[in-house]
Amino acid sequence: MKITELTLGILTAVGGFVDVSELVFMAQAGSRFQYALVWVIVVATVGMMVFGEMSGRVAAIAKQPVFNMMRHRLGLNLGLVTLIASLISNTITCAAEIGGVGIVLHLLTGFGLVPMAIAATFVFVATIWLLPFKWIERTYGLLGLFMVVFAVALVAIEPPWGEIVKGLVPQVPAGLSTTELLTYGYFAVAIVSAVMFPYESYFYSSGAIEEKWSEKDLGLNRLTTTVGFGLGSLLGIAILASSAQLFGPQGISPELPGTTALEAAIPFGRVGLLLALLGMLFAIAGAAIETCLSNAYSISQFFGWRWGRHLKPHQAPRFTFAWLAVFAIALAIVLTGIEPVALAEYAVVASILVLPLTYLPILLLAGDRSYMREHANGRIAKTLGWAYYALIVVAALGALPLYLLTEGGKL
Amino acid sequence: MTIGRVRLLTQLRDVQIVDRDDRDCGIVDDVELQGGPGEGLRVTAILVGPGAYRARLPRWAMRLVALIAGDRMVRVPWGEVAYISSTVQLAQTAQAYGLAEAEERARRLLPGIGGIDAPQ
Amino acid sequence: MLLAMLLVTGCGQASSDLAVIKTARSLAAERALVAKLDEEGKLRRAYAGGMQRAGVQQLLSGRNALSQPEGAAGQAIGAAAAVRDEAGALRAAALQLARIEAQRENH
């Protein structure tokens with residue numbers, strides 16, 4: 001395994017960890033419940049590591065991306081239900097990301113949100129059209145490392161580290177009213193969904209096929225998913241903890257996506273603000289591209305079309321039309337005027353409903369020796385996989401009721 | 001042909017098809033069997049395309065599928081299946097079986113430019 | 001799925017009003033923080049202006065979503081939207097909304 005390749009893979013995973021939903025929910029979770037949800041970020045990240053590693057391993061050994069497995073393992077009808085549900089949830093997510101990019105560009109430049117969202121979409125189309133897969137992933141992932149300013153800002157504001165560490169212990173804060181308890185539950189589910197978004201598995205697994213991973217890449221896969229996602233989650237924890245320290249006492253539960261950037265502006269002024277906005281821009285932009293491509297991967301793999309950015313656009317024409325259509329629909333949703341924060345909230349709820357169907361084929365195939373040979377799930381992977389699967393099912397069952405009962409966490 | 005037995009549902013149906021050049025060219029959407037009650041059944045062809053599973057889906061779902069992927073069906077004789085592993089590999093190119101028509105139609109609508117090759 | 005969620009979130013007007021007031025209280029507080037940091041020279045012009053405009057827009061949308069936009073809560077939200085970009089005045093508007101929020105929660 002080349003050190004450069006490994007380092008770039010890990011850094012890309014770090015820079016690409018956060019998207020608009022995590023920005024919104026981590027900040028709101030911190031301001032509402034201080035550090036009491038830090039443990040949920042950790043639990044969700046470990047879940048993402050478990051399923052991410054399985055997705056990459058299955059791609060490397062069985063040479064199967066997620067949606068090929070989906071249909072094969074779940075059958076046509078359930079596979080089609082999963083496809084439709086994930087297309088809807090990923091498209092809503094893509095719209096939220098495009099809207100988020102529009103907002104950040106508006107805050108950086110002063111130009112209108114709508115022209116910025118349209119311009120950004122054209123840039124994304126050009127990016128995917130012109131660049132090979134690895135460069136697409138690396139460009140936005142590495143530029144997303146500007147997000148590290150949030151971690152540095154947390155250190156600068158000298159938070160109560162003991163309280164943050166206490167937040168690592170699974171807990172339910174004492175003395176909450178019934179409504180607050182339900183809201184706490186909603187944020188826990190939302191964080192799990194935002195960290196374990198299904199598009200991330202589709203993109204990661206298809207990306208492994210794009211890069212022609214094989215047995216020799218299993219070490220890279222393991223390190224990228226554990227170290228990369230682990231370090232990325234520290235950014236999420238930093239956003240939550242800064243919000244607890246800076247926003248909670250002022251009665252702010254960030255409603256505007258740009259408010260999170262103040263976490264860097266408060267200690268570092270204009271330079272901090274600029275770095276935070278740049279980090280948010282590239283992280284959210286990367287997520288917009290990932291959600292779009294993951295939809296195109298899903299459709300193409302389900303129907304058996306040629307797919308991938310390792311091919312030129314005209315060599316995989318139906319795949320190309322698929323991702324162009326996703327951008328067009330997502331941009332159209334943004335242009336209806338629905339707030340990107342509202343879209344992010346819908347995306348999180350829609351995604352957790354799809355998660356059980358997404359992860360079941362991965363879990364089954366990663367444990368199937370006829371495909372995976374000696375690389376099938378061992379005892380630890382099997383135990384963790386099924387434990388997390390149970391957690392995901394519980395979260396999926398609770399998501400919609402909690403969303404409705406708490407008005408999307410607003411009560 | 002593969003060596004050994006093939007499970008029609010778990011190893012064949014809904015499996016990715018690749019052609020002689022390893023290019024994706026569809027999914028085994030159904031399997032054609034020949035024979036009657038009291039006789040042996042034999043696989044005579046694989047059926048490719050959404051038209052093959054029209055009977056397996058509710059009407060509304062089939063309309064949605066047709067919107068995205070059309071409703072054509074192509075019959076590939078079983079003798080043209082060269083190998084079965086995690087994919088079904090055919091003996092000839094996709095064009096030889098008429099499995100590349102939709103891609104060709106879509107290709108004509110796209111410019112033939114773009115796509116930088118990554119350095120190896 | 002999206003339509004169902006949108007339809008159902010239109011129900012339960014009392015708790016919806018409380019949700020709107022809480023959101024408005026936060027928006028006013030966000031505007032106040034942005035104004036304070038802008039006065040300290042910590043923000044870029046485009047950012048401060050964009051945030052204030054977005055805050056005002058969302059406050060006005062929130063007021064229109066109330067069951068009684070012309071009631072006490074609606075007037076307080078309207079006042080928070082009308083306040084100029086000055087930290088002290090915005091903090092006062094946020095406090096007023098916090099008082100209304102507390103009354104609704106204890107009701």
TODO: Test each condition in (1) within 19 Å of the chain's Cα centre (by Cα); (2) loosely packed, with under 14 Cβ neighbours inside 10 Å for A:Leu143 and report the one that comes out false.
DONE: (2)
TODO: Output the number of residues of the stretch A:240-299 satisfying the condition of being of a type in the set (Phe, Trp, Tyr) and over 24 Å from A:Pro160 (Cα atoms).
DONE: 2
Task: Scope the stretch A:346-359; condition within 11 Å of chain C (Cβ to nearest Cβ) and under 11 Å from A:Val24 (Cβ atoms); matching residues - done: A:Ala347
TODO: Would you mind stating whether A:Leu145 is within 25 Å of A:Gly272 (Cβ to Cβ), at pLDDT below 95 and not small (Gly, Ala, Ser)?
DONE: yes
Open item on the list: Quick check on my filter: what residues within the stretch A:280-322 are in a loop (DSSP other than H, G, I, E, B) and within 20 Å of B:Val88 (Cα to Cα)?
Closed with: A:Gly304, A:Trp305, A:Arg306, A:Trp307, A:Gly308, A:Ala316
Task: Of residues in the stretch C:32-52 being hydrophobic (A, V, I, L, M, F, W, C) and in a helix (DSSP H, G or I), the one farthest from the other protein chains (Cβ to nearest Cβ) - done: C:Ala35
- [ ] Would you check which residues across the stretch A:377-411 are touching a Leu at 6+ places or on another chain (Cβ under 9 Å), away from every other protein chain (no Cβ under 11 Å) and in a loop (DSSP other than H, G, I, E, B) and list them?
- [x] A:Asn377
Open item on the list: So, B:Ile27, is that one within 13 Å of chain A (Cβ to nearest Cβ), buried (at least 20 other Cβ atoms within 10 Å of the Cβ) and not in a loop (DSSP other than H, G, I, E, B) or not?
Closed with: yes
Task: Options B:Asp21, B:Asp14: the member that is assigned to a loop (DSSP other than H, G, I, E, B) and open to solvent by 40 Å² or more (accessible area, probe 1.4 Å) - done: B:Asp21
Open item on the list: Which residue is nearest to A:Leu145 (Cα to Cα), if the candidates are limited to the stretch A:254-268 and must be at pLDDT 95 or above and open to solvent by 10 Å² or more (accessible area, probe 1.4 Å)?
Closed with: A:Phe268
Task: Criterion: under 26 Å from A:Glu53 (Cβ atoms), in contact with a helix residue (DSSP H, G or I) (Cβ under 6 Å, 6 or more places away or on another chain) and small (Gly, Ala, Ser) - qualifying residue of A:Ala117, A:Ala194 - done: A:Ala194
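Residues checked against (1) under 18 Å from A:Thr82 (Cα atoms); (2) in contact (Cβ under 8 Å) with a residue 60 or more places away in the chain:
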{"position": "A:Gln171", "(1), (2)": "no, yes"}
{"position": "A:Leu176", "(1), (2)": "no, no"}
{"position": "A:Glu180", "(1), (2)": "no, no"}
{"position": "A:Ser193", "(1), (2)": "yes, yes"}
{"position": "A:Gly207", "(1), (2)": "no, yes"}
{"position": "A:Glu211", "(1), (2)": "no, yes"}
Task: Hits in the stretch A:48-79 (condition: open to solvent by 10 Å² or more (accessible area, probe 1.4 Å) and part of a helix (DSSP H, G or I)) - done: A:Met49, A:Val50, A:Glu53, A:Arg57, A:Ile61, A:Asn68, A:His72, A:Arg73, A:Leu74, A:Asn77, A:Leu78
- [ ] Would you mind stating whether A:Gly308 is open to solvent by less than 10 Å² (accessible area, probe 1.4 Å), over 21 Å from the mean Cα position of the chain (by Cα) and either modelled with pLDDT of 90 or more or more than 9 Å from every other protein chain (Cβ to nearest Cβ) (or both)?
- [x] no
Open item on the list: Could you go through the stretch A:147-159 and let me know if any residue there is closer than 30 Å to A:Thr336 by Cβ and crowded, with 17+ Cβ neighbours inside 10 Å.
Closed with: yes
Open item on the list: Looking at the structure I just gave you, is A:Leu262 of a type outside the set (Gly, Ala, Ser) and within 14 Å of chain C (Cβ to nearest Cβ)?
Closed with: yes
TODO: Restrict the check to the stretch A:326-345 and report whether at least one residue is under 30 Å from A:Gln64 (Cα atoms), open to solvent by 40 Å² or more (accessible area, probe 1.4 Å) and within 14 Å of chain B (Cβ to nearest Cβ).
DONE: yes
Open item on the list: Regarding the stretch B:92-99, can at least one residue be identified that is among the hydroxyl-bearing types (Ser, Thr, Tyr) and more than 12 Å from every other protein chain (Cβ to nearest Cβ)?
Closed with: yes
Open item on the list: Restricting to the stretch B:72-83, count the residues that are within 12 Å of another protein chain (Cβ to nearest Cβ) and either open to solvent by 60 Å² or more (accessible area, probe 1.4 Å) or closer than 13 Å to B:Val31 by Cβ (or both).
Closed with: 1
Open item on the list: Suppose we filter C:Ala29, C:Ala80 for residues that are at pLDDT 95 or above and facing another protein chain (nearest Cβ under 9 Å); which single one remains?
Closed with: C:Ala29
TODO: Mind telling me which of the residues A:Ala366, A:Ala396, A:Ala344, A:Ala381 ends up being small (Gly, Ala, Ser) and more than 27 Å from A:Glu22 (Cα to Cα)?
DONE: A:Ala366
Open item on the list: Against the condition open to solvent by 30 Å² or more (accessible area, probe 1.4 Å) and of a type outside the set (A, V, I, L, M, F, W, C), how does A:Arg318 come out, does it pass?
Closed with: yes
Task: Members of the stretch A:80-120 that are polar (S, T, N, Q), more than 9 Å from every other protein chain (Cβ to nearest Cβ) and open to solvent by 10 Å² or more (accessible area, probe 1.4 Å) - done: A:Thr91
Open item on the list: For B:Arg63, only one of the following conditions fails: (1) surrounded by 14 or more Cβ atoms within 10 Å (Cβ to Cβ); (2) away from every other protein chain (no Cβ under 11 Å); (3) at pLDDT 90 or above. What is its number?
Closed with: (1)
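The values are calculated or read from the model by the stated rules, or taken from the named source; none is laboratory data. None of the values given here were measured: they were computed from a predicted structure. Glycine gets a Cβ as well: all are built from the backbone with ideal geometry, and neighbour counts include every protein chain shown. Heads up: the accessible areas ignore ligands, DNA and RNA and are worked out on the full protein's heavy atoms, side chains in. Shrake-Rupley method; radii C 1.70, N 1.55, O 1.52, S 1.80 Å.
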